[in-house]
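Visitor: Below you will find the structure I want to go over with you.
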């Protein structure tokens with residue numbers, strides 16, 4: 001399978017994960033869907049790794065990098081599903097798609113890359129998209145607060161950092177399935193530590209109506225994570241990231257079909273999502 005096709009699979013299945021999570025969050029909490037998603041990832045991927053011959057030989061540096069990514073991926077999950085719960089799947093996915101802007105900013109500041117006209121245009125489109133998605137959200141979302149927008153933006157920040165690290169680690173040791181399983185294990189350990197240290201007020205809520213949706217979320221996110229890591233193992237970030245960042249379009253379609261009773265999709269959300277995706281593509285292709 002080509003890296004482009006794997007990136008497309010990544011975007012579609014991540015959108016499915018967000019839609020399913022939104023359905024289940026009517027009855028439960030972001031911490032619960034995070035827990036279920038991680039458990040599904042760990043069980044499925046370690047089963048595949050063991051069936052394929054067990055733990056492969058990899059460089060310690062690559063292991064260390066994926067341990068770091070596993071910790072930050074836990075943050076991505078908490079922030080992403082928290083955003084879905086607060087502002088909906090369509091808006092949250094659109095704001096998460098600004099991760100290429102983060103990657104470009106890191107490259108410009110720390111790697112001294114130049115900002116081309118196309119990158120600057122993409123930045124303008126992303127900023128305009130954020131404004132459109134968040135415009136008068138308080139009129140359509142019950143108990144909306146401005147800081148709810150920071151949840152998916154935080155997930156985007158961590159995702160923008162994670163992609164280059166994953167790519168570099170996979171260049172050292174090309175074992176995507178093992179590293180995806182390792183990443184899930186690290187996230188699970190971090191989740192258990194977080195929920196047992198008394199730092200969170202959010203409890204796990206096990207409702208039958210939610211569990212089925214959360215299992216679908218876990219399966220879809222596991223496919224998405226495995227696909228993006230495999231894609232990064234055989235292709236460059238600049239080829240993969242634009243396609244993988246298209247998930248707001250799929251989430252928008254899914255929300256319009258499956259979330260009509262709980263999530264309103266207006267023209268500003270549609271225009272904002274398209275603007276952010278177009279800006280992300282411009283940033284990635286213009287670098």
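Visitor: Do we have any residue at all in region 65-84 that's modelled with pLDDT of 85 or more and over 26 Å from residue 280 (Cβ atoms)?
Guide: Yes.
Visitor: Let me ask another. Read through the list (1) modelled with pLDDT under 80; (2) surrounded by 19 or more Cβ atoms within 10 Å (Cβ to Cβ); (3) closer than 22 Å to residue 24 by Cα, then give the number of the only condition that residue 217 fails.
Guide: Unmet condition: (1).
Visitor: Can you name the condition, by its number, that residue 58 falls short on among (1) farther than 18 Å from residue 160 by Cα; (2) assigned to a helix (DSSP H, G or I); (3) modelled with pLDDT of 90 or more?
Guide: (2)
Visitor: Count, please, the residues in region 154-179 that happen to be free of Cβ contacts under 8 Å to residues at least 60 places away in the same chain and within 14 Å of the chain's Cα centre (by Cα).
Guide: Summing the residues that are free of Cβ contacts under 8 Å to residues at least 60 places away in the same chain and within 14 Å of the chain's Cα centre (by Cα) in region 154-179 gives 1.
Visitor: From 185, 159, which residue is closer than 24 Å to residue 65 by Cβ and at pLDDT below 90?
Guide: Working: 185 fails: at pLDDT below 90.
Of the residues listed, the single one that is closer than 24 Å to residue 65 by Cβ and at pLDDT below 90 is 159.
Visitor: May I ask you to verify whether residue 104 is in a helix (DSSP H, G or I), closer than 28 Å to residue 227 by Cβ, touching a helix residue (DSSP H, G or I) at 6+ places or on another chain (Cβ under 8 Å) and modelled with pLDDT of 75 or more?
Guide: On the way: in a helix (DSSP H, G or I): yes; closer than 28 Å to residue 227 by Cβ: yes; touching a helix residue (DSSP H, G or I) at 6+ places or on another chain (Cβ under 8 Å): yes; modelled with pLDDT of 75 or more: no.
It is false that residue 104 is in a helix (DSSP H, G or I), closer than 28 Å to residue 227 by Cβ, touching a helix residue (DSSP H, G or I) at 6+ places or on another chain (Cβ under 8 Å) and modelled with pLDDT of 75 or more.
Visitor: In region 79-101, which residues are farther than 16 Å from residue 254 by Cβ and under 10 Å from the mean Cα position of the chain (by Cα)?
Guide: The first filter runs over region 79-101 and keeps only residues farther than 16 Å from residue 254 by Cβ, leaving 79, 82, 85-86, 95, 98-101.
Within region 79-101, 79, 99 meet the criteria.
Visitor: Can you name the residue in region 249-277 that is at pLDDT below 80 and within 18 Å of the chain's Cα centre (by Cα) and, of all such residues, is surrounded by the most Cβ atoms within 10 Å (Cβ to Cβ)?
Guide: For region 249-277, the residue satisfying everything is 276.
Visitor: Can you go through 71, 44, 58, 63 and tell me which one is surrounded by fewer than 21 Cβ atoms within 10 Å (Cβ to Cβ), touching a helix residue (DSSP H, G or I) at 6+ places or on another chain (Cβ under 6 Å), in contact (Cβ under 8 Å) with a residue 60 or more places away in the chain and more than 14 Å from residue 191 (Cα to Cα)?
Guide: Working: 71 fails: more than 14 Å from residue 191 (Cα to Cα); 58 fails: touching a helix residue (DSSP H, G or I) at 6+ places or on another chain (Cβ under 6 Å); 63 fails: touching a helix residue (DSSP H, G or I) at 6+ places or on another chain (Cβ under 6 Å).
Just one listed residue meets the conditions, 44.
Results for (1) assigned to a helix (DSSP H, G or I); (2) within 30 Å of residue 47 (Cβ to Cβ); (3) touching a strand residue (DSSP E or B) at 6+ places or on another chain (Cβ under 6 Å), shown as yes or no for each residue.
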| site | (1), (2), (3) |
| --- | --- |
| 191 | yes, yes, no |
| 212 | yes, yes, no |
| 218 | yes, yes, no |
| 233 | yes, yes, no |
| 249 | yes, no, no |
| 254 | yes, yes, no |
| 261 | no, no, no |
| 265 | no, no, no |
| 269 | yes, no, no |
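The values are calculated or read from the model by the stated rules, or taken from the named source; none is laboratory data. Model, not experiment: these values are computed from the prediction. Don't worry about glycine lacking a Cβ; one is built from the backbone with ideal geometry, like all the others, and counts go over all protein chains shown.
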